[in-house]
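The values are calculated or read from the model by the stated rules, or taken from the named source; none is laboratory data. None of the values given here were measured: they were computed from a predicted structure. Neighbour counts run over all protein chains shown; Cβ positions are idealised from the backbone, glycine included.
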Amino acid sequence: MVARDDLRRQARAMMLSGAWATASMADVAAAAGVSRQTLYNEYGSREGLATAVAIETAVRFRDGTLAAASREADPTHAIAAAMRWALREARHDPIVVAALTDDATGLLPYITTRSGSVLPPISADLADLIDRPGAPWACEVALRLTVSHLLSASMSDDEFVDAVSGLLRPLFLGTP
């Protein structure tokens with residue numbers, strides 16, 4: 001388990017420093033103080049290691065969004081609280097900032113085109129917390145729109161959250 005943690009930490013550090021794009025798996029293994037074979041035994045491939053770093057970050061985001069949402073009884077307010085937390089944290093988390101702004105990290109696909117192991121668990125857990133008809137769809141939409149907003153904001157974060165909340169509120173009120 002220590003090797004797995006060390007390898008993830010080294011990969012994360014290389015992503016943040018910009019070295020990930022050119023680092024070999026032997027470089028990552030050496031930096032973690034393990035053999036290249038250990039790296040491959042633990043993660044299978046470069047993509048497997050990058051996915052592990054992305055999932056580790058996503059777990060922290062899942063926990064934070066759930067904590068923020070759990071403080072709200074109203075489902076729309078819960079989703080809004082989760083979105084606000086995620087936006088604030090994403091702007092300060094170095095891995096997320098790097099993923100959004102630096103192709104060299106190789107992480108952007110994990111929040112866009114290869115997001116299957118990262119985003120759906122967050123929206124599913126949030127929907128389970130809200131536990132209302134329409135929650136799975138609403139949480140998925142809110143999460144996808146939040147990622148889009150992070151990539152290319154057309155308004156302030158507060159305006160964005162208010163706009164999405166306004167779109168979702170009728171779903172929970174049962175009105176068109």
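Note on the stretch 49-68: among residues that are hydrophobic (A, V, I, L, M, F, W, C) and under 17 Å from Arg91 (Cα atoms), the one that is farthest from the chain's Cα centre (by Cα) is Ala68.
Only a single criterion out of (1) modelled with pLDDT under 90; (2) in a helix (DSSP H, G or I) is not satisfied by Leu66, namely (1).
Inspect the stretch 44-54 for any residue being outside any loop (DSSP other than H, G, I, E, B) and more than 23 Å from Val147 (Cα to Cα) and give the result as yes or no. Yes, there is a match, as at least one residue in the stretch 44-54 is outside any loop (DSSP other than H, G, I, E, B) and more than 23 Å from Val147 (Cα to Cα). Residue-level analysis places Leu39 outside the set of residues that are in a helix (DSSP H, G or I), touching a residue at least 40 places away in the same chain (Cβ under 8 Å) and not basic (Lys, Arg). In summary, Pro121 fulfils each of the numbered conditions (1) at pLDDT below 70; (2) surrounded by fewer than 17 Cβ atoms within 10 Å (Cβ to Cβ) with the single exception of condition (1).
The condition (being at pLDDT below 80 and of a type outside the set (Ser, Thr, Tyr)) is satisfied by just one residue among Arg60, Arg114, Arg91: Arg114. Residues in the stretch 5-48 that are under 20 Å from the mean Cα position of the chain (by Cα) and not hydrophobic (A, V, I, L, M, F, W, C): Asp5, Arg8, Arg9, Gln10, Arg12, Ser17, Gly18, Tyr43, Arg46, Glu47, Gly48.
Annotation note: of Thr65, Thr38, the sole residue that is of a type outside the set (Gly, Ala, Ser) and not assigned by TED's automatic domain parsing to the domain that holds Leu150 is Thr38. Scanning the stretch 10-35 for residues that are more than 16 Å from Gly48 (Cβ to Cβ) and loosely packed, with under 13 Cβ neighbours inside 10 Å yields Ser17, Ala21, Thr22, Gly33.
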